[in-house]
Amino acid sequence: MKVLLNVIKRSHAKTMMGLQDELELASRVILTFANRELGTRSQIPLRSGCELFRRYITRCSLDFPDFTECMKEILNRGEAFASMSLTARNKIAEHGSQFVRDGQTIMTHGYSRVVAKLLVRAAAVERRNFNIVVLEGRPDGGGAKAASLFSEAGIPTTVVLDSAAAHVMERCDLCIVGAEGVLENGGIVNKVGTYALGITAKALGKPFYVAAESYKFARLYPLNQKDLGDTKGLGGGAGESKAGGVGGFYDTTGAKGEPRKIELGEGVKVEDHPVDFTPAEFISLLFTDLGILTPNAVSDELIRLYQ
C-alpha cells in the first residue's frame, strides 16, 4: 500500500487515466518482484491488495471532476486505506480473542502474523490461560517459528508433526488459522495442510476459525485444488524438485538420536505444494477487520469492497 501511495505522491500524471496507468504499472512491478523473491508462495494478498487500493482511491474521480482537487482527495483516501490496512490486525485480534476461553487447547498451523496477534492478545490483554498446539509446518518450519513467538509470550506451546494433526485434534477445543486469500465462495487459500486440518476439525466436531485481513479478499471462485492454477498465480501448483528440494528426508528415530538421511532413488519426484484450498463448508467463522463473518457473507462483503 505504501509503495502505491508513494507512486501517487510522485506522480506527474495530468489525467485520471494517466494516474491509473502509473498505478497499474507499479502493481505489475510489485508482483514481478514478489514472484522472484517469494518463489512458490501465493500472490493473492498482493494482487487483491493492489486491486482494492487502486479501486478505492480512483473512485473519487466521479465526485471531483477537477483533477487537481481529485488528486488531493486521492491522497487522502490513499492515506486512509494504508492506515486501515495497518490497523486491521488489531481489529481482528479484538474480535477473535473473545472466542478464546480459559483451559482451552488451541490448534494452529504455520506462521500467521494475524493469528499470532490474536492469540498473544488473548493471553496478555484478555488474561486467558490456554495451551497451543502448532503443527511444525513443513517445508518452511512456519509452525516452529510461531511456537517460539508463543513461548516468548508465556503461552504453553507444543509443536507436533504435520502428520499428527488428526491424532492430536481430539484433545484440542478449536482451530485458528490464517489465510493467504479469502475467496468469493467463502473458502480460503492457505499454507498446505490447512485443508486436511479443516476436514479433521469438522469430522471431530471442532470449530475451525480463520483470521484474515479484508485486503486479502479476492474475486476468485475455485471449486477444487486444480482450480488454484499455477504457482505464479494463486500458488496452488506443485513445485517439482529433486529429493533435497524440500530439505531432504531424514529418519530421526535412531537409538543414537542422530538423523539419518534417506536417499531417494532415481526417477522419484518430490512435489512441494505451498498452499491448498479449503472450501467454505469446513470453516465455522472468519475473523476480519470488517467484523466476524460467516463464509456465506464473504461474497456480500466483496461486492461492497469492489463497488
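The values are calculated or read from the model by the stated rules, or taken from the named source; none is laboratory data. None of the values given here were measured: they were computed from a predicted structure. Neighbour counts are summed over all protein chains in view; Cβ atoms, including those assigned to glycine, are modelled from backbone coordinates with ideal geometry. The protein model used for the area step is the full one, side chains on, heavy atoms only, and it has no ligands, DNA or RNA in it. Shrake-Rupley method; radii C 1.70, N 1.55, O 1.52, S 1.80 Å.
Based on what the data block shows, is Leu302 surrounded by 15 or more Cβ atoms within 10 Å (Cβ to Cβ), under 29 Å from Leu52 (Cα atoms), modelled with pLDDT of 90 or more and touching a strand residue (DSSP E or B) at 6+ places or on another chain (Cβ under 8 Å)? Criteria not met by Leu302. What do you reckon, is Gly229 open to solvent by less than 70 Å² (accessible area, probe 1.4 Å), modelled with pLDDT under 80 and within 15 Å of the chain's Cα centre (by Cα)? The answer is no for Gly229. Would you confirm, using the coordinates I've provided, whether Leu62 is within 21 Å of the chain's Cα centre (by Cα), open to solvent by 50 Å² or more (accessible area, probe 1.4 Å), aliphatic (A, V, I, L, M) and at pLDDT below 75? Here the answer is no, as Leu62 does not meet what is asked. The condition of being of a type in the set (Gly, Ala, Ser), under 18 Å from Val3 (Cα atoms) and at pLDDT below 75 holds for only one of Ser85, Ser48, that being Ser85. Looking only at the range 146-201, which residues are assigned to a strand (DSSP E or B) and open to solvent by less than 40 Å² (accessible area, probe 1.4 Å)? Those that are assigned to a strand (DSSP E or B) and open to solvent by less than 40 Å² (accessible area, probe 1.4 Å): Val160, Leu174, Cys175, Ile176, Val177, Gly181, Val182, Leu183, Ile188, Val189, Asn190, Lys191.
Scanning the range 69-117 for residues being surrounded by fewer than 19 Cβ atoms within 10 Å (Cβ to Cβ) and not in a helix (DSSP H, G or I) gives a total of 5.
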